[in-house]
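Note sheet for the following structure.
The values are calculated or read from the model by the stated rules, or taken from the named source; none is laboratory data. It should be emphasised that the depicted structure is a prediction, and the values quoted were computed from it without experimental measurement. All Cβ positions, glycine included, derive from the backbone under ideal geometry; neighbour counts span all protein chains shown.
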Amino acid sequence: MGGGNTVSNLIMIIPPIFGAIQSIRDGLEKRYIAAFLALTVVGMGSWCFHMTLKYEMQFIYKNTLPEMQAKSEGSDLKELVLKLSPS
């Protein structure tokens, strides 16, 4: 069921690996290598997550949860800004 989402995570795995290799070849700072490898880890984690989804409703939940979280975080941020702003 999650084959498309799983395969689409390759964009977060393969290019960062090449970026890390190129960073090493170019002698860039270690933070660039670490950033590329961190993207690779995120991509592999997402790959593994999508491989565990079996049912259609899991896909709906997975796709709506970030949206609900963003909306709730936005309202919290708005309240915080209103509290901190001078009256």
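For the stretch 16-45, the set of residues classified as aromatic (Phe, Trp, Tyr) and touching a Ser or Thr at 6+ places or on another chain (Cβ under 6 Å) consists of Tyr32 only. Where helices (runs of 4 or more DSSP H) fall wholly inside the chain, the ranges with 2 or more residues that are modelled with pLDDT under 95 are 3-8, 30-52, 56-84.
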